[in-house]
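These notes are about the structure you will find just below.
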Amino acid sequence: MYYEDVMTGIEMFAVVAMLEDLPDERLVRGRVGTVVESWAPGVYEVEFCDDKGRTYATVALKARTADAITLRTCQPGRLA
């Protein structure tokens with residue numbers, strides 16, 4: 001299933017966050033997934049997994065549906 005708009009500059013294995021709900025896919029805004037394929041300019045296959053690494057959704061997305069995010073780690077006792 002494809003969704004409208006265009007994500008650009010997203011690399012393979014980038015971590016992305018949903019920017020809107022996709023009720024048919026049971027995905028909500030803020031859900032985090034990983035880009036596993038680039039189908040065409042601005043079209044990406046994104047995999048969503050649970051905390052045990054089991055895939056619960058794989059969706060082809062276009063544009064403002066998701067955006068790349070940067071994950072940072074913090075040292076204990078320090079704020080990011």
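What follows is calculated from the coordinates using simple rules that are stated; it is not laboratory data. No experiment lies behind these values; they were computed from the predicted model shown. Neighbour counts run over all protein chains shown; Cβ positions are idealised from the backbone, glycine included.
Brief remarks follow.
- Local electrostatic count, GLU11, Cβ distance below 14 Å [Lys/Arg +1, Asp/Glu -1]: -3
- Electrostatic bookkeeping for THR58 treats Lys and Arg as +1 and Asp and Glu as -1; over the other residues with beta carbon under 11 Å from its beta carbon, the sum is -4.
- Check: segment 15-68 dipole with +1 on Lys, Arg Cβ and -1 on Asp, Glu Cβ, in debye: 60 debye
- Amide proton proximity set for GLU45, modelled H, under 5 Å, gap of 5+: VAL36, GLU37, SER38, TRP39, LEU61
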